[in-house]
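Chemist: Below you'll find the structure I mean.
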Amino acid sequence: MAASSFKTSAEYQRERREHNRQRGVRRLDIEIDAKLMARLQKELADYGAATHPGAALVEWLGDVLPE
């Protein structure tokens, strides 16, 4: 059987991270305790935190921090 020409999720992730790195996007890995996350969830509700909390946090930070 021939190898699949479809990309794996790991390949997509590598490509996305490389593309972001070239654009100057930096990755941030944080740990948040349950109480703080519950408070953040309330603040980020309008930003889609229920489904994508990391993306919601980035968008929220962009709105609340001055340029």
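The values are calculated or read from the model by the stated rules, or taken from the named source; none is laboratory data. Small disclaimer: the values here were computed from a predicted structure and weren't measured. Here Cβ is always computed from backbone atoms with ideal geometry, including for glycine, and neighbour counts include all displayed protein chains. What goes into the accessible areas is simple: the full protein's heavy atoms, side chains included, and nothing from ligands, DNA or RNA. Shrake-Rupley method; radii C 1.70, N 1.55, O 1.52, S 1.80 Å.
Chemist: Where only protein heavy atoms count, and the probe is 1.4 Å, what is the accessible area per residue for the chain in Å²?
Modeler: For the chain, the solvent-accessible area averages 95 Å² per residue.
Chemist: Still on this model: So if I take the alpha carbon set of the chain, get Rg, then get Rh from the Kirkwood formula, what is the Rg over Rh ratio?
Modeler: Using Cα coordinates only, the ratio equals 1.13.
Chemist: Between residue 50 and residue 33, what length comes free when the chain is fully extended (0.36 nm per residue of separation minus the Cα-Cα distance, one decimal in nm)?
Modeler: Roughly 4.5 nm would be gained on extension.
Chemist: Helix 53-64 versus the longest principal axis of the chain: what is the Cα-based angle in degrees, 0 to 90, to the nearest 10?
Modeler: 50 degrees
Chemist: Follow-up. Of 19, 36, 57, which is farthest on the positive side of the dipole of the chain, counting Cα position, with +1 on Lys and Arg Cβ, -1 on Asp and Glu Cβ, and the Cα centre as origin?
Modeler: Going by the Cα projections, it comes out as 19.
Chemist: Please list 13-26, 46-59 highest first by mean number of surrounding beta-carbon atoms within 10 Å per residue.
Modeler: Top to bottom by mean Cβ count within 10 Å: 46-59, 13-26.
Chemist: With a 1.4 Å probe and all protein chains left in place, how much of the accessible area of the chain comes from carbon and sulfur atoms, in whole percent?
Modeler: Carbon and sulfur atoms account for 54 percent of the accessible area of the chain.
Chemist: Where does the chain land at 222 nm, in deg cm²/dmol rounded to the nearest 500, when only DSSP H runs of n ≥ 4 count, each adding -39500 (n - 2.57), divided by all residues?
Modeler: So the calculated ellipticity at 222 nm is -17500 deg cm²/dmol.
Chemist: Just to verify a number: what accessible area does residue 40 come out at with the full protein assembly present, 1.4 Å probe, Å² rounded to tens?
Modeler: In the full protein context, residue 40 sits at about 30 Å².
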